[in-house]
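Okay, structure first, notes after.
The values are calculated or read from the model by the stated rules, or taken from the named source; none is laboratory data. As the structure is a prediction and not an experimental result, all values here were calculated from the model. Positions of Cβ are generated from backbone atoms using ideal geometry, with glycine treated the same way; all protein chains shown enter the neighbour counts.
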Amino acid sequence: MSKAVCPVCFHHCSLEEGQTGLCRARKNTGGAVTAANYGRVTALALDPIEKKPLVHFFPGTRILSLGSFGCNMRCPFCQNHSIADADEASCGGVRIMTPEDVLEEAMRTESMGNIGAAFTYNEPLTGYEFVRDTARLIKRAGLKTVLVTNGTAELPVLEELLPYTDAMNIDLKSFRAENYRKLGGSLETVLRFIRRAQKDCHVELTTLIVPGISDSPEDMEREADWIASMDPETVLHITRYFPRHKMAYPPTDIGLMRTLAAAARKSLKYVFLGNV
């Protein structure tokens with residue numbers, strides 16, 4: 001059989017029959033690239049909405065949060081690497097759920113303050129079809145859908161999801177293209193994704209302050225200026241790095257965190273420090 005090219009992200013993996021892409025979640029099956037993680041849930045929890053983090057979207061509520069396996073970036077500081085770096089064979093502890101199952105669980109937990117479903121923990125857009133199918137049902141039921149994503153997806157994928165998505169928290173990992181390349185990502189792709197998402201749903205952004213990647217006050221000023229050019233009331237979460245996965249640098253200095261927040265507040269109205 002001929003190769004099939006995955007259309008989901010800028011990597012555009014060209015896959016032989018049975019081969020899995022860089023994200024470990026998409027596979028050439030019968031000449032078409034499909035989501036091997038469809039309906040395979042590795043994590044399920046009822047979280048405070050602020051944990052996504054979202055602070056200007058139904059504050060004080062909770063949301064049913066679920067994740068699968070796979071990611072199309074390779075961050076050495078990933079806190080969820082056990083599922084983000086996993087594939088079908090290695091993820092373990094998988095619960096098979098249909099979109100209807102997720103809706104049923106979301107409705108069952110409404111009495112506990114739940115407002116809908118959040119796709120998070122791993123990179124949800126590696127299995128965007130499950131997100132789309134589930135979000136469609138969530139919307140029909142009058143509940144909310146949230147995406148927590150690295151934004152490393154092509155716009156046609158985003159267009160499929162926007163009609164059913166109410167809010168996103170998007171990681172903006174650095175404002176330098178070369179740093180994104182080190183992480184296996186694309187700054188241009190993420191900025192394009194953010195700009196489009198901002199037009200049709202509530203968007204908050206998160207920058208984790210990692211030594212040598214996102215800790216420059218000058219870069220933070222440029223990042224904040226860019227965000228403000230879309231909307232100066234966009235929420236930016238500046239969060240503290242802690243040693244994780246393959247990175248053992250000490251936690252981000254609190255003083256530096258405050259310096260970066262001050263730099264961002266020159267352009268943005270809402271800047272929040274996280275993990276401090």
Inset, instruction - Could you tell me whether segment 27-37 includes any residue that is basic (Lys, Arg) and crowded, with 21+ Cβ neighbours inside 10 Å? - result: yes
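Would you check if Leu191 is in contact with a Gly (Cβ under 9 Å, 6 or more places away or on another chain), over 18 Å from Leu54 (Cα atoms) and in contact (Cβ under 8 Å) with a residue 24 or more places away in the chain? I'd like the intermediate steps shown before the answer.
Numbers: in contact with a Gly (Cβ under 9 Å, 6 or more places away or on another chain): yes; over 18 Å from Leu54 (Cα atoms): yes; in contact (Cβ under 8 Å) with a residue 24 or more places away in the chain: yes.
Taking the combined requirement at face value, the residue satisfies it.
Restricting to segment 46-79, and then to whatever is among the small types (Gly, Ala, Ser) and touching a strand residue (DSSP E or B) at 6+ places or on another chain (Cβ under 7 Å), can you tell me which residue is farthest from Cys9 (Cα to Cα)?
Filtering segment 46-79 down to residues among the small types (Gly, Ala, Ser) leaves 60, 65, 67-68, 70.
Those still in the list that are touching a strand residue (DSSP E or B) at 6+ places or on another chain (Cβ under 7 Å) too: 65, 67-68.
Working: Ser65: 23, Gly67: 19, Ser68: 18 Å.
Looking at residues that are among the small types (Gly, Ala, Ser) and touching a strand residue (DSSP E or B) at 6+ places or on another chain (Cβ under 7 Å), I get Ser65.
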Legend entry - Residue within segment 188-202 that is touching a Ser or Thr at 6+ places or on another chain (Cβ under 8 Å), of a type in the set (Phe, Trp, Tyr) and closer than 22 Å to Leu143 by Cα present: no
Inset, instruction - Count, please, the residues in segment 51-92 that happen to be charged (D, E, K, R) and over 15 Å from the mean Cα position of the chain (by Cα). - result: 3
Legend entry - Selected residue (criterion: farthest from Lys27 (Cα to Cα)) from residues of segment 111-129 that are touching a strand residue (DSSP E or B) at 6+ places or on another chain (Cβ under 9 Å) and in a helix (DSSP H, G or I): Met112
Inset, instruction - State whether one or more residues within segment 155-163 are surrounded by fewer than 20 Cβ atoms within 10 Å (Cβ to Cβ), within 19 Å of Cys71 (Cβ to Cβ), of a type outside the set (A, V, I, L, M, F, W, C) and touching a residue at least 40 places away in the same chain (Cβ under 8 Å). - result: no
Legend entry - Cross-chain or 6+ apart pairs with Cβ under 6 Å, segment 265-276 first and closer than 12 Å to Thr207 by Cβ, then modelled with pLDDT of 95 or more and assigned to a loop (DSSP other than H, G, I, E, B): Leu268/Pro232; Val271/Arg265
Inset, instruction - Scan segment 55-94 for residues that are of a type in the set (S, T, N, Q) and either assigned to a strand (DSSP E or B) or at pLDDT 95 or above (or both) and jot them down. - result: Thr61, Ser65, Ser68, Asn72
Inset, instruction - Could you tell me whether segment 178-187 includes any residue that is at pLDDT 95 or above, at positive phi, touching a helix residue (DSSP H, G or I) at 6+ places or on another chain (Cβ under 8 Å) and hydroxyl-bearing (Ser, Thr, Tyr)? - result: no
Inset, instruction - Go through segment 114-137 and give me each residue that's in contact (Cβ under 8 Å) with a residue 60 or more places away in the chain and either in contact with a Leu (Cβ under 8 Å, 6 or more places away or on another chain) or small (Gly, Ala, Ser) (or both). - result: Asn114, Ile115, Ala118, Thr120, Tyr121, Leu125, Gly127, Tyr128
Inset, instruction - Just give me the residues in segment 221-264 being of a type in the set (A, V, I, L, M, F, W, C) and either over 18 Å from Arg192 (Cα atoms) or modelled with pLDDT under 95 (or both), in sequence order. - result: Ile238, Phe242, Met247, Ala248, Ile254, Leu256, Met257, Leu260, Ala261, Ala262, Ala263, Ala264
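Name the single residue, out of those in segment 172-223 being among the hydroxyl-bearing types (Ser, Thr, Tyr) and in a strand (DSSP E or B), that is nearest to the chain's Cα centre (by Cα).
Of segment 172-223, the ones among the hydroxyl-bearing types (Ser, Thr, Tyr) are 174, 180, 186, 189, 206-207, 214, 216.
Within this subset, residues satisfying the condition of being in a strand (DSSP E or B) are 206-207.
Numbers: Thr206: 10, Thr207: 12 Å.
Here the residue is Thr206.
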Inset, instruction - All but one of (1) without any contact (Cβ under 8 Å) to a residue 60 or more places away in the chain; (2) of a type outside the set (D, E, K, R); (3) surrounded by fewer than 19 Cβ atoms within 10 Å (Cβ to Cβ); (4) farther than 23 Å from Ile238 by Cβ hold for Pro48, so report the exception by its number. - result: (4)
